[in-house]
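First comes the structure, then the notes that go with it.
The values are calculated or read from the model by the stated rules, or taken from the named source; none is laboratory data. Bear in mind that the values here come from a model prediction, so they are computed numbers and not experimental data. Note: ideal-geometry Cβ built from the backbone for every residue, glycine included; neighbour counts use all protein chains shown. Remember, those area values only see protein heavy atoms, side chains included, never the ligands or the DNA or RNA. Shrake-Rupley method; radii C 1.70, N 1.55, O 1.52, S 1.80 Å.
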Amino acid sequence: MRLTAFTDYCLRVMMYSALAGERLVTIGEIAHAYDISASHLTKVVHFLGQQGYLTTVRGKGGGMRLTHAPQQVNLGQLVRAAEADNVLVECFDAQHSHCRIAACCRLYRVLHAAQEAFYGELSQHTLADLLVQPAGLGRALGIEIHPVSG
């Protein structure tokens, strides 16, 4: 299984925002820290805001911050939401599948169980679990660590 770049960026934005604590961070700041496209991050931030993971403040001095404490952000739920449009194999999308063997194939069940196990493992973790050693992340990203509210 491979996560999309979109999901990867969602996780990176959330980690960066968690390191910043209550301080507003900007798309440009995150793009620079990770050396990734600000235009891609704009879509990611919009999605995370719509899903209730980020609170955004528009205008001069604006930016974004986490809506909830890192301990409340379930990774399985976040990744499942970000990957909602990404089907593992064609037969997982009943409306668009043209699979000739779908009616008698056991592969669907095996792959579905594997995917659920993947999400199940992620669901046992929160954003806080990714921040156990924040100093190293802070140095790597060039961000001053602020206490994360709990």
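Given (1) modelled with pLDDT under 95; (2) surrounded by fewer than 16 Cβ atoms within 10 Å (Cβ to Cβ), identify the lone condition not met by Gly138.
It is condition (2) that Gly138 fails.
For Gly150, work out the one condition from (1) open to solvent by 90 Å² or more (accessible area, probe 1.4 Å); (2) more than 13 Å from the chain's Cα centre (by Cα); (3) modelled with pLDDT of 85 or more it doesn't fulfil.
Condition (3) is where Gly150 drops out.
Considering the stretch 23-54 alone, what residues qualify as being open to solvent by 60 Å² or more (accessible area, probe 1.4 Å) and within 23 Å of Gln77 (Cβ to Cβ)?
If the condition is that a residue be open to solvent by 60 Å² or more (accessible area, probe 1.4 Å) and within 23 Å of Gln77 (Cβ to Cβ), then His40, Thr42, Lys43, His46, Gln50, Gln51 are the ones that fit.
Suppose we keep only residues that are more than 20 Å from Met1 (Cβ to Cβ) and among the β-branched types (Val, Ile, Thr) within the stretch 61-102. Which one would you say is modelled with the lowest pLDDT?
Checking each candidate, the answer is Ile101.
Give all pairs with beta carbons closer than 7 Å in which a residue from the stretch 81-92 that is within 15 Å of Leu122 (Cα to Cα) meets a residue that is modelled with pLDDT of 85 or more; count only pairs at least 6 apart in sequence or on separate chains.
Correct list of pairs: Ala81/Gln51; Ala82/Phe6; Ala82/Thr7; Ala82/Cys10; Glu83/Leu3; Glu83/Thr4; Glu83/Thr7.
Quick check, is Ala20 in contact (Cβ under 8 Å) with a residue 40 or more places away in the chain and over 19 Å from Leu78 (Cα atoms)? Give the steps one after another, and end with the answer.
Details: in contact (Cβ under 8 Å) with a residue 40 or more places away in the chain: yes; over 19 Å from Leu78 (Cα atoms): yes.
So Ala20 fits the description; yes.
Can you tell me how many residues in the stretch 4-22 are under 12 Å from the mean Cα position of the chain (by Cα) and surrounded by 15 or more Cβ atoms within 10 Å (Cβ to Cβ)?
First pass over the stretch 4-22, keeping only residues under 12 Å from the mean Cα position of the chain (by Cα): 4-17.
If we keep only those that are surrounded by 15 or more Cβ atoms within 10 Å (Cβ to Cβ) too, we end up with 6-17.
So the count comes out to 12.
Just the residues that are under 19 Å from Ala33 (Cβ atoms) and exposed (fewer than 11 other Cβ atoms within 10 Å of the Cβ), please, taken from the stretch 98-131. Reasoning before the result, please.
Initial filter on the stretch 98-131 (under 19 Å from Ala33 (Cβ atoms)): 127, 130-131.
Those that are under 19 Å from Ala33 (Cβ atoms) and exposed (fewer than 11 other Cβ atoms within 10 Å of the Cβ): none in the stretch 98-131.
List the residue pairs whose Cβ atoms are under 8 Å apart, where the first residue sits in the stretch 35-50 and is basic (Lys, Arg), the second is open to solvent by 50 Å² or more (accessible area, probe 1.4 Å), and the two are 6 or more positions apart or on different chains.
Listed by first residue and then by second, the contacts come to Lys43/Phe6.
Looking at the stretch 55-83, which of the residues that are more than 18 Å from Leu130 (Cα to Cα) and among the β-branched types (Val, Ile, Thr) is surrounded by the fewest Cβ atoms within 10 Å (Cβ to Cβ)? Lay out the reasoning, then the answer.
Filtering the stretch 55-83 down to residues more than 18 Å from Leu130 (Cα to Cα) leaves 55-64, 81, 83.
Of the ones still in play, those that are also among the β-branched types (Val, Ile, Thr) are 55-57.
Numbers: Thr55: 15, Thr56: 15, Val57: 10.
By that ranking, first place goes to Val57.
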